[in-house]
Amino acid sequence: MASRPIFSPSLSGPLLVQTHSINFQWFPGMAKVQSQKSIASLHENAKKEISIQRILEISSKSPDDIGVNLSAFNLMVITPKGREYSLECAYQASKVFEYAGPFPDMLEMSSIEAKKDSRLKTSGNLLKFSFYGRDWDLLPRTAFYDWLYINALHRQPALAEQVLDYQAFSDIAFNPEKSINCQAYAAALYVSLHRRGLITSDFLKNKESYLEVIATGEISNAHEDSTIQNRLI
């Protein structure tokens with residue numbers, strides 16, 4: 001057995017996103033078919049435990065094309081000047097370490113090349129993010145990644161419209177004990193913010209407006225806490 005979080009948007013009250021820790025049967029192996037067996041088990045158990053039917057797996061292993069397209073490796077960040085980079089490349093390129101960064105050359109790499117670039121491990125401690133001249137602190141811990149994801153998704157109306165049809169999201173590779181940022185969480189946050197009418201032009205463009213809405217928080221370990229601690233101010 002294994003455990004993974006299922007993220008569902010909260011449409012009222014102070015909590016923006018709920019996370020539910022679901023136990024399921026894990027099918028080992030690197031093959032996509034094995035991952036999809038694990039995804040099916042996770043979703044089946046989630047439907048029984050939390051009574052949510054429409055769950056979307058967001059990853060390269062997703063059985064649904066939209067789930068693959070929404071993964072950080074495939075979702076494109078479109079700049080005001082019309083340039084496009086994968087979200088993964090934009091995120092990795094924005095990192096600023098003690099001895100190096102940001103890394104604009106990563107924007108021209110493939111997603112896997114950017115994620116595995118050796119400089120990410122040899123440049124000292126991570127200090128901040130810098131994206132198109134705007135600096136982001138490391139706290140709130142997922143704020144920059146979530147902002148990138150929300151912006152990228154909202155600029156693609158066809159994808160965004162499909163995301164709004166789902167009640168919850170998963171990422172079979174995301175382990176909250178080992179990772180912080182999660183594309184499935186960011187998608188659930190987008191749905192919550194959109195349904196509440198909070199995603200405005202100023203919200204998307206202005207860092208301060210975004211941070212006024214997103215309170216300090218972090219993704220908690222699913223087995224320790226049944227809620228994500230991002231809250232409205």
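Here the label points at SER110 and LYS205, each 7 Å from Cα along the C-beta direction, are separated by 3.7 nm in the simple model.
Within segment 187-203, what residues put their amide N at less than 14 Å from the label point 7 Å along the Cα-to-Cβ vector of GLU212? Within reach of a label on GLU212, which here means backbone N under 14 Å from a point 7 Å along Cα→Cβ, segment 187-203 contributes 198-203.
For segment 103-186, applying the loop criterion from DSSP together with a ceiling of 13 other beta carbons within 10 Å to the GluC sites (Glu not before Pro) yields GLU177. In this simple spin-label approximation, LEU11 and LYS37 carry label points 7 Å from Cα along the Cα→Cβ vector, and these lie 3.7 nm apart. Ordered by the number of other Cβ atoms lying within 10 Å of each residue's own Cβ, fewest first, MET106, MET76, MET1 fall into the sequence MET1, MET76, MET106. Treating the angle as unsigned and between 0 and 90°, give the value, to the nearest 10°, between the Cα long axis of helix 143-154 and the longest Cα principal axis of the chain. Helix 143-154 and the main axis of the chain meet at about 80 degrees.
Each residue, GLU49 and ILE78, gets one label point 7 Å from its Cα in the Cβ direction; the gap between the two is 3.8 nm. Note on segment 39-75 and segment 120-153: Cα centroid distance 25 Å, given to the nearest whole angstrom. When THR122, THR142, THR79 are sorted by how many other C-beta atoms sit within 10 angstrom of their C-beta, beginning with the fewest, the order is THR122, THR79, THR142.
Scanning residues 5 or more positions from GLU57 or on other chains, those with amide H under 5 Å from its amide H are SER170, with H placed 1.01 Å from N in the peptide plane. Going by alpha carbons, how many degrees (0 to 90, nearest 10) lie between the helix axis of 32-50 and the longest principal axis of the chain? Approximately 70 degrees, to the nearest 10. Overall dimensions of segment 2-213, expressed as equivalent-ellipsoid semi-axes from the Cα gyration tensor (√(5λ), whole Å, largest first), are 27, 21, 16. Of the peptides 22-30, 166-174, the order by per-residue mean of other Cβ atoms within 10 Å, starting with the highest, comes out as 166-174, 22-30.
Per residue, the Cα convex hull of segment 126-212 amounts to 114 Å³. Can you give the angle from 0 to 90° between the axis of helix 183-195 and the longest principal axis of the chain, with both taken from C-alpha atoms, to the nearest 10? Compared with the principal axis, the helix lies near 90 degrees.
Rule-based calculations on the coordinates, nothing more; no lab input. The shown structure was predicted, so the numbers you read here are calculated from the model rather than taken from an experiment. Note that we place each Cβ from the backbone using ideal geometry, even for glycine, and neighbour counts take in every protein chain shown.
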